[in-house]
1. Within the stretch 59-73, can one find any residue that is at pLDDT below 95 and over 18 Å from residue 118 (Cβ atoms)?
2. Test of understanding: among 25, 45, which residue is within 17 Å of residue 122 (Cα to Cα), in a strand (DSSP E or B), modelled with pLDDT of 95 or more and in contact with a strand residue (DSSP E or B) (Cβ under 6 Å, 6 or more places away or on another chain)?
3. Within the stretch 26-56, track down each residue that is surrounded by fewer than 19 Cβ atoms within 10 Å (Cβ to Cβ) and under 11 Å from the mean Cα position of the chain (by Cα).
4. Specify the residue that is nearest to the chain's Cα centre (by Cα); the eligible residues are those in the stretch 82-120 that are touching a residue at least 60 places away in the same chain (Cβ under 8 Å) and surrounded by fewer than 15 Cβ atoms within 10 Å (Cβ to Cβ).
């Protein structure tokens, strides 16, 4: 009886194979309001693949139109489950713009699991002052 319970509990974990090339957007950490009519996106990205992550291509979309494709090259590879927090190129933005970030590839290979590959948010109204932004490493 215990064996059947344990088998039923562990089956989903044993059946799911980990992909070699997979990254996920864990959180958005940049400003959510425009500062001098722009936003500098900062994402928290996790290597969810079995291979060390040396590079990751992330597209930035604004209001349904692609703004840029950022080929993030890591100075030191991120191992499985490790998270990093890159700053992306500045995007011209005003209140109400919808920004979307899409992970496209890892180490030059298409991302093998779409879970966590897209993050979207609406830029809020301008703040009275643009505070200094801190990037965690």
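1. The initial filter retains those residues of the stretch 59-73 that are at pLDDT below 95, namely none.
Among the residues of the stretch 59-73, not one is at pLDDT below 95 and over 18 Å from residue 118 (Cβ atoms), which makes the answer no.
2. Details: 45 fails: within 17 Å of residue 122 (Cα to Cα).
When all the criteria are applied, what remains is 25.
3. Scanning the stretch 26-56 gives 26, 27, 28, 29, 42, 44.
4. Here the answer is 118.
Yes or no, residue by residue, for (1) more than 23 Å from residue 20 (Cβ to Cβ); (2) outside any loop (DSSP other than H, G, I, E, B); (3) touching a helix residue (DSSP H, G or I) at 6+ places or on another chain (Cβ under 8 Å):
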position	(1), (2), (3)
73	no, yes, no
76	no, yes, no
80	no, no, no
94	yes, no, no
99	yes, yes, no
105	no, yes, no
115	no, no, no
119	no, yes, no
130	yes, no, no
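The values are calculated or read from the model by the stated rules, or taken from the named source; none is laboratory data. Just so it is clear, the structure is predicted and the values come from calculations on it, not from any experiment. Positions of Cβ are generated from backbone atoms using ideal geometry, with glycine treated the same way; all protein chains shown enter the neighbour counts.
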